[in-house]
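The values are calculated or read from the model by the stated rules, or taken from the named source; none is laboratory data. Keep in mind that what you see is a predicted model, and the values were worked out from it rather than measured. Cβ: placed from backbone, ideal geometry, glycine included. Neighbour counts: every protein chain shown. Note: accessible area is taken over every heavy atom of the protein model, side chains too, but ligands, DNA and RNA are not part of it. Shrake-Rupley method; radii C 1.70, N 1.55, O 1.52, S 1.80 Å.
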Amino acid sequence: MPNSSIDKNRIFRIALTLPLNRLFDYLAPEKIDLDQIKPGIRVRVPFARGEKIGVLVELAEKSDRDSSSLKQISEILDEQPLLNNLDLKLLRWTSQYYHHPLGEVIMTAFPALLREGKHACLKQDKYYALTDIGKSLDSRKLQRAPKQKALLEFMQSFVSTASTKQLASWQDNWRPALKQLLIKKILQETNQPASSTPKAKEIIRTPEFATNPQQQKAIDAVCHALGRFQVFLLEGVTGSGKTEVYMQIIQQVLARGEQVLVLLPEITLTPQLEERFRHRFTAPIAIFHSKLSKTQRLESWLQMQQGKGSILLGTRSALFTPLTQPGLIILDEEHDNSFKQQEGFRFSARDVAVVRGKMLNIPVLLGTATPSLESLHNAAKKRYQLLHLPDRAGNALAPTIQLMDIRNKKMQEGLSEPLLAQIKQTLAKKEQVLIFLNRRGYAPVLMCHSCGWIVRCHRCDANLVIHYGEKILRCHHCAQEQRLLQHCQSCKTGELTPIGLGTERIEKALQIFFPHHQTIRMDRDTTQRKGELEKQLEKINSGRADIILGTQMLAKGHHFPNVTLVTMLDVDGGLFGIDYHAPEKLAQMIVQVSGRAGRAEKPGKVILQTRKPDHPLLLSLIHNGYSHFANSALAERQTAQLPPFSHQALLRVLAVDKQTPQDFLQAVVHLIQEIDNPTKVLGPVPAPMAKRAGRYRFQLLLQSDKRQDLHYLLDFLIPKIEKIKLAKKVRWSLDVDPVDLF
Ligand code: ADP
Ligand code: ZN
Ligand code: ZN
């Protein structure tokens, strides 16, 4: 009698979080029905002296290793797969494309608690229903308790039975009203979910305006493509109503019973969009980003994975969340570099989103006012369909942009006199002012007044930044801190003077110039604590802040209707970047920051302080607009044969000494010479910041006209690099399609 288990797939290939590009073979546990086992489940396995959680990727008959040495799976954690075949296919593709170990890639698709082996089950929902009293009660009777009245109306008009989840997505802070209605016997708890869930269409609240023709065209184009793969690039000027377009498309997707994945570049943008979505949709919305608790992230992930969530709103880490009924992927502010992970697994959420859309056969919508050059290039090649919203929505007008020449002007703490006068005028009209400076801290340099000595970070090629509030000097590259010095450590006598401007310094100055107005500073230092950002946004939107001062956090997507004056204190810094991406980034920044001005009825004005009022980039941008700038930037890239007209990968190496990284990269260069490949090899060269956090950094840039050639080379190279002797003495990483060369 043949033993049936022999021809069965008894080898489990497991993905583990390890920096090794392979799967790990284990023997199936005894006494299990192998027919019930599907890839995508989690398992617990013995590893070294401990245990690890991994994911079953494949079942195989044989192992390449001696099967007597194989260990057995300790425990199977899931009955049903958490990832389906398409999820696994996408993760495999991503691992291959970015040349990042498959195990790490697969494990990043999971929220932390699942990686740690926690049970994959959603908290049990409670359900509430109207009592007979509740069904017939006139809601006006609750006039004096507006929250209770709203809840009653919600129940009466929409759902009659609602789960805690639905209530949570209906409104924040709904529990007190619920409690009261339970006490008053207007509502009761029930263990019965609503017999039929209401159709998405019935539970969408309509906006109070009609879409304009351009919006409608964009909506129709995308809706026409539902159910198949197509990429759209929605280029809409700031305030053109892109979000409205998203919402109307989402509505159609929900009506088809499908789910939508919405990705944003920044956590700071989620509260605002979440609120707009909750206001529009009663369908369950899940949120996923790194500032949520582990439990919250687990809940959101499972909600989508089990098909209980309709919309997932998240940052780049949400991209791999499994969906049961995928219908559409939206990526807002697609030009934003935050979509590219800059450490570890360096993937581009934008590019992988497009691949995911293709695998799932659903449309992908990329929206922005300032498209990346890559996306414009893809649109020009007809790979993406371009949709335009050339005008601001409603009655809002495009802001006027003015270059303010500050050469030889009297300056006070970075603010020129004419600028101060403009701020004063705006405040007098009870309108808000937004001041942008892309540098945190008090001042970037602390210098000795008598000998010129500067306080440097001893671990980086960088100055320490003054943080007066905390009375410390901090390195913005390695987070090294020291107490604020009073005297020069070189000449021992000289006084130390802060040079240059940071947001903290401007904030102090504004408090002196405008003592009767409220200034709010928004940067990474002031928004770190949980809930702080929401508080600040609330202050701005309720009009309790007059001047909003901040870093690039402000440049992105915020909608502040009462801001009419926007100013960038220093645009010159961005004009001289060494990276070829610098002009594109500066142009995007200027347009995005300017876009915060005059978004409602009142017209907006933008003032850019500069000492280079004749700079061609600034002039082209202001007189001809972003598209014109982008086209000439693309033409320049083509002449120089830079991306997107070629393809790059950057090999970064660091070590405690200067020599080893160079020797290591030389060894890599030798490897490359072993095969015939047209890829250009540039370097080894020191990184733009050659020393950082006590490590010396060098890099090698690989560039090909054809993507295929580059990846052919990488496929050959990476396994060999791992075997270079010096590889153990350095830390190296590969960045495919780098968005900056640092
Ligand atoms: P964007 O995302 O392109 O910056 P938003 O979607 O935030 O723009 O829209 C800007 C403002 O215009 C919002 O207050 C929005 O409610 C409003 N709006 C959008 N579409 C219309 C429309 N068709 N008519 C009137 N107002 C609109
Ligand atoms: Zn000195
Ligand atoms: Zn440092």
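Distance between the C-alpha centres of the range 224-256 and the range 90-115: 28 Å, rounded to the whole angstrom. Once the Kirkwood radius over Cα pairs is known for the chain, the Stokes-Einstein relation at 4 °C and 1.567 mPa s delivers a diffusion coefficient of 45 µm²/s.
Which entries in Lys52/Lys89; Lys118/Lys530; Lys530/Lys602 show an alpha-carbon gap greater than 29 Å? Over 29 Å apart, Cα to Cα: Lys530/Lys602. Cross-link reach is defined here as a Cα-Cα straight distance under 12 Å, omitting same-chain residues fewer than 8 places apart; for Lys149 the aspartates and glutamates meeting it are Asp138.
Does a label point 7 Å from the Cα of Gln80, set along Cα-to-beta-carbon, have any residues of the range 11-33 with amide nitrogen under 16 Å, and which are they? No residue qualifies, since no backbone N sits under 16 Å from the label point. Which percent, nearest 5, of DSSP beta bridges in the chain are antiparallel? Bridges in the chain are about 55 percent antiparallel.
Taking all protein chains into account, the per residue accessible area for the chain stands at 47 Å² (1.4 Å probe). Take each peptide in 445-454, 311-320, 131-140, count the other Cβ atoms within 10 Å of every residue, and average; sorted highest first, the result is 311-320, 445-454, 131-140. Between Ala727, Gln272, His377, the Cα set farthest toward the positive side of the dipole of the chain (charges on each charged residue's Cβ, about the Cα centre) is that of Gln272. The listed peptides 383-389, 622-628, ordered by packing as a protection proxy, come out as 383-389, 622-628 (highest mean of other Cβ atoms within 10 Å first). Note on Ala168 and Asp66: the extension gain reaches 31.4 nm, defined as 0.36 nm multiplied by sequence separation minus the Cα-Cα distance. Taking a straight line from the alpha carbon of Lys706, these aspartates and glutamates sit under 14 Å away, with near neighbours fewer than eight places off in the same chain left out: Asp737. Since only Pro613, Met411, Ala640 are under comparison, the one whose Cα sits farthest along the positive direction of the charge dipole of the chain, derived from C-beta charges on Lys, Arg, Asp and Glu, is Met411.
Note: the range 647-736, Cα convex hull, 80 Å³ per residue. In a fully extended conformation the segment linking His615 and Leu18 would gain 210.0 nm over its present Cα-Cα distance, using 0.36 nm per residue. Within the accessible area of the chain, what % is carbon and sulfur when the probe is 1.4 Å and the other protein chains stay in place? Carbon-and-sulfur percentage of accessible area, whole number: 49.
Rounded to the nearest 20 debye, the dipole magnitude of the range 39-93 is 220 debye, with +1 charges on Lys and Arg beta carbons, -1 on Asp and Glu beta carbons, and the Cα centre as origin. Measuring r between the beta carbons of Gln482 and Glu153 and using R0 = 45 Å, the FRET efficiency lands at 0.15.
Taking the Cα centre of the range 127-190 as reference, the dipole from Cβ charges on Lys and Arg (+1) and Asp and Glu (-1) amounts to some 240 debye. Other residues lying with their Cβ under 10 Å from the Cβ of Ala396 contribute a combined charge of +1, Lys and Arg counting +1, Asp and Glu -1. Could you tell me which of Gln486, Leu437, His517 has its Cα farthest along the dipole of the range 433-537 towards the positive end, charges placed at Cβ (Lys, Arg +1; Asp, Glu -1), taken about the Cα centre? Farthest along the dipole direction, towards plus: Gln486. With a cut-off of 17 Å on the backbone N, the residues of the range 612-654 near the modelled label site 7 Å out from Tyr580 along Cα-Cβ are 630-651. A cut-off of 5 Å between modelled amide H atoms, ignoring neighbours fewer than 5 places along the same chain, links Val43 with Gly54, Val55, Leu56, Leu77.
Once the Cβ-Cβ distance of Val685 and Cys451 is raised to the sixth power relative to R0 = 25 Å, the FRET efficiency obtained is 0.15. The Ser632 and Arg407 beta-carbon pair, evaluated with R₀ = 25 Å, returns a calculated FRET efficiency of approximately 0.45. Measuring between alpha carbons in the structure, the pairs from Lys382/Lys720; Lys294/Lys728; Lys126/Lys358; Lys680/Lys723 lying more than 26 angstrom apart are Lys382/Lys720; Lys294/Lys728; Lys126/Lys358.
Once the Cα-Cα distance is subtracted from the 0.36 nm per residue extended length, the Arg92 to Val355 segment shows a gain of 93.5 nm.
Overall, the chain carries a charge dipole of about 1500 debye about its Cα centre when +1 sits on the Cβ of Lys and Arg and -1 on the Cβ of Asp and Glu, all other atoms neutral. Under the combined filter of DSSP loop state and at most 14 neighbouring Cβ atoms within 10 Å, the range 52-130 retains these GluC sites (Glu not before Pro): Glu61, Glu79, Glu116.
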